[in-house]
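The values are calculated or read from the model by the stated rules, or taken from the named source; none is laboratory data. Owing to the predicted nature of the structure, the values given are computational and were not obtained by experimental measurement. So basically every Cβ, Gly included, is an ideal-geometry build from the backbone, and we count neighbours across all protein chains shown.
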Amino acid sequence: MQVIFGGTFDPVHSGHLAMLSAVCETFSEALVRVMPNGDPPHRQVNASASQRVEMLRLAMPAHPRVILDTREVGSAGPRYTVDTLAAMRDEYGPDESLVFCLGRDAAAGLLSWGHPERVLDFAHLCIMHRAGHLELPAEVSALWSHTYVSENALCTAPFGRVCELKTPDVPVSSTQVRALVAAGQFPLPVPTVIADYIRDHGLYLDTE
């Protein structure tokens, strides 16, 4: 089983790390790939791709089953998640279970992605409950209304199923972190090493 934990990580914060810990605990036999977006076509990023990758390198725990996968960062131009999942399906073959994990807030905006209806053609989808328990729009839920299963059932098929995973409530978002930096409000709800990196590189000072 290959588990992908994707996001912009702009910046990586304590909530991301709590979700990563929950993913590792839930899929205890899987390889977990933390995969930052390079140039996401559906949203603006503030730090450069290389800066976001470096913050992930600093923040990620030393874990034998967690790796940083930068394949989207190295691609030229915008890269859609469905294209990455299709490439991974080709790489790992028809029988490998692929699980794409994302937060509920990101899932709520899924219709702005490129070809969201095709995600389940290549992978399972694991929607993580973050603080706030944002309800998914009916149009998004309709994409997979008959495919919900428990997380334990994802290993019995290569793709096409959806599960929901409850993760610790850590009430923080990257948007909030950027706003705190712009307002000069410290400490930040991020690991100390990330706060130091943000300060040393002057990131997010002009974020509104």
Practice prompt. For region 73-123, enumerate the residues that are among the aromatic types (Phe, Trp, Tyr) and at pLDDT 85 or above.
Written response: Tyr92, Phe100, Phe122
Discussion item. As an exercise: evaluate Ser173 against (1) under 21 Å from Pro36 (Cβ atoms); (2) surrounded by fewer than 18 Cβ atoms within 10 Å (Cβ to Cβ); (3) not β-branched (Val, Ile, Thr) and give the number of the one condition it does not meet.
Written reply: (2)
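A quick yes/no check of all residues on (1) within 18 Å of the chain's Cα centre (by Cα); (2) surrounded by 14 or more Cβ atoms within 10 Å (Cβ to Cβ); (3) free of Cβ contacts under 8 Å to residues at least 60 places away in the same chain:
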residue	(1), (2), (3)
Val149	no, yes, yes
Gly160	no, yes, yes
Cys163	yes, yes, yes
Val177	yes, yes, no
Val181	no, yes, yes
Pro187	no, no, yes
Asp196	no, no, yes
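Looking for whichever is under 17 Å from Gln176 (Cα atoms), out of contact with any strand residue (DSSP E or B) (no Cβ under 7 Å at 6 or more places or on another chain) and either acidic (Asp, Glu) or modelled with pLDDT under 90 (or both) here; the options are Val45, Val12. Which one fits? Explain how you work it out, then say what you get.
Values: Val12 fails: either acidic (Asp, Glu) or modelled with pLDDT under 90 (or both).
Testing whether each residue is under 17 Å from Gln176 (Cα atoms), out of contact with any strand residue (DSSP E or B) (no Cβ under 7 Å at 6 or more places or on another chain) and either acidic (Asp, Glu) or modelled with pLDDT under 90 (or both) leaves just Val45.
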Worksheet item: So is Val140 β-branched (Val, Ile, Thr), modelled with pLDDT of 85 or more and surrounded by 13 or more Cβ atoms within 10 Å (Cβ to Cβ) or not?
Response: no
Discussion item. Would you confirm, using the coordinates I've provided, whether Ala18 is in contact with a helix residue (DSSP H, G or I) (Cβ under 9 Å, 6 or more places away or on another chain) and of a type in the set (A, V, I, L, M, F, W, C)?
Written reply: no
